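For reference, the structure is listed below as structure tokens.
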Amino acid sequence: MCPAVAVLAVTALGPGSAAADSWHGLGHDSYDRSLFIGVPTASGSPGSAVVLDDSLFGYSLRNSTTYTRGEGVIPAPDDPYAEFFGTAFAHGDLDGDGHPELVVGVKDESPVVIWGSPQGAADEVLTIGVPNGYPAVGDFDGDGRQQLAVLGQDELTVYETFDGREAPAAERVIVDGARMPAHWGEWGEWTRSSPRGLIAADFTGDGRDELVAHGAYASGGDLPPMSWASYFSGGEDGIAFDRYLYEKQGCHEPEGCYVHSAAAGDVNGDGAADLVTAIGGIDRPGVDVYYGGSGGPADERERFGRTALGLPVDEVVGETARGDEGGWVVSVSDATGDGYADLALGIPARMPADFSLYAVGQAVFVPGSATGFDPSGTREIDLDTPGIPGTPDDQTWFGQDVQLIPADGLRPGWLAVSTRDGVVVLPVFRGGPVPRLARSFSAEDLHADDSDFHARDGYNLSS
Ligand SMILES: [Ca+2]
Ligand SMILES: [Ca+2]
Ligand SMILES: [Ca+2]
Ligand SMILES: [Ca+2]
């Protein structure tokens, strides 16, 4: 591996190629409350990403921007059959001009930086040469400026400083060491790891951001999935590998199971971000919390199963979730505005009590508190909940992804839930989410052809 090989390409297009509306028209200059929706490959389309901007009246298509590969400033995919534009999103002011950039991850291809400008998103993009890269933005060295980190198949790259819109190749840092278990000969045929996400947050509470990378092991056969996560601590010298938070975690362990999704937020309000992982597997629905502290996320995790999350224990199947992969996706953010990050959990394979339908799905909201998630405030939301559009059916996959948007002053927080048929967004007030005020965006609204969806991995929600 030669660190000097940086493949970065600048794409600039002439006047008239604008693909973006502006958040400036709304009087704010931030993606902090934007909802990003990655839309997978649809029939005859290379995939797109929709940015819904918050307004005083919530989210609407009138305040949205759609980026489609091969249109406007967005480069066409190298592989027309590549699956997913909008695998991951990150945002922040990378060049220090006061206007935020949006970074869009692309499954199997390289992330794209959409530059900010005084007029909103600019007609200029930068392609970061890390195939299958997951982006995250944070201030890792404490200098007050934001940096871009990208987790690729075999490396974590931190771009130190973007000087204008030039490629920062000379200053990029590749973090060496055993940050992910790349080759692993035990346990049969697992051969390599693959990334699933990169999370930037202040896990120590010192004002500098750290990173957690997580992913899964690939296997050649029908072996059950296993997962790993590694913690990268920061400092004045930048990011360095610290330790694994978990490794080879799978359902073969009495207490463990594989992790499909992870998120960070300050659940207990102590100033340090906490890592929350969704525990999949038939018998182990719920989440694990690794509370942050001076040493980063704790080695000891706290398990919240169905009972601890305030969910009823089913008479027939006990603590299980009446559907496989109980905790499939998590989002953590202070949507109620009380200072404690709240939890949204997506359980898309959930079945009704009489087992008559497969994968109707469910979303769960649990508020945070000084002692962690507070089960007394739990809300279960599904397609039978008054106000939620749609009808329960086989494989509606309600909760295939979830995303919380934080409250901001008088503006409420939001809970977004994706299904086979689109995305539902509902406001979250102090008392929790309000399904009767839900609004929905159909597959057509989101430029998606739902007939092609791999339903459980359909939309990708981010903020
Ligand atoms: Ca900028
Ligand atoms: Ca920190
Ligand atoms: Ca905390
Ligand atoms: Ca809260």
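Assorted remarks:
- Residues being more than 10 Å from ligand 1 (Cβ to nearest atom), assigned to a strand (DSSP E or B) and either of a type in the set (Val, Ile, Thr) or over 28 Å from Asp237 (Cβ atoms) (or both) - total across segment 103-142: 13
- Per the conditions (1) at pLDDT 90 or above; (2) surrounded by fewer than 18 Cβ atoms within 10 Å (Cβ to Cβ), the sole criterion not satisfied by Thr419 is (2).
- In segment 346-387, the residues that are within 15 Å of ligand 4 (Cβ to nearest atom), buried (at least 16 other Cβ atoms within 10 Å of the Cβ) and not small (Gly, Ala, Ser): Val364, Phe365, Val366, Pro367, Phe373, Asp374, Pro375, Thr378, Arg379
- For segment 392-416, taking the residues that are in contact with a helix residue (DSSP H, G or I) (Cβ under 7 Å, 6 or more places away or on another chain) and crowded, with 21+ Cβ neighbours inside 10 Å, the one that is farthest from Ser462 (Cα to Cα) is identified as Trp397.
- Selection count, segment 285-310, where residues are assigned to a loop (DSSP other than H, G, I, E, B) and of a type in the set (Lys, Arg): 2
- Yes/no for Gly120 being in contact with an Asp or Glu (Cβ under 9 Å, 6 or more places away or on another chain) and away from ligand 4 (no atom under 16 Å from the Cβ): yes
- Asp274 being of a type in the set (D, E, K, R), within 16 Å of ligand 2 (Cβ to nearest atom), under 23 Å from the mean Cα position of the chain (by Cα) and at pLDDT 90 or above: yes
The values are calculated or read from the model by the stated rules, or taken from the named source; none is laboratory data. In this text the structure is predicted, and so the values were computed from the model without any measurement. Every residue, glycine as well, gets a Cβ built from its backbone with ideal geometry; the counts of neighbours run over all protein chains shown.
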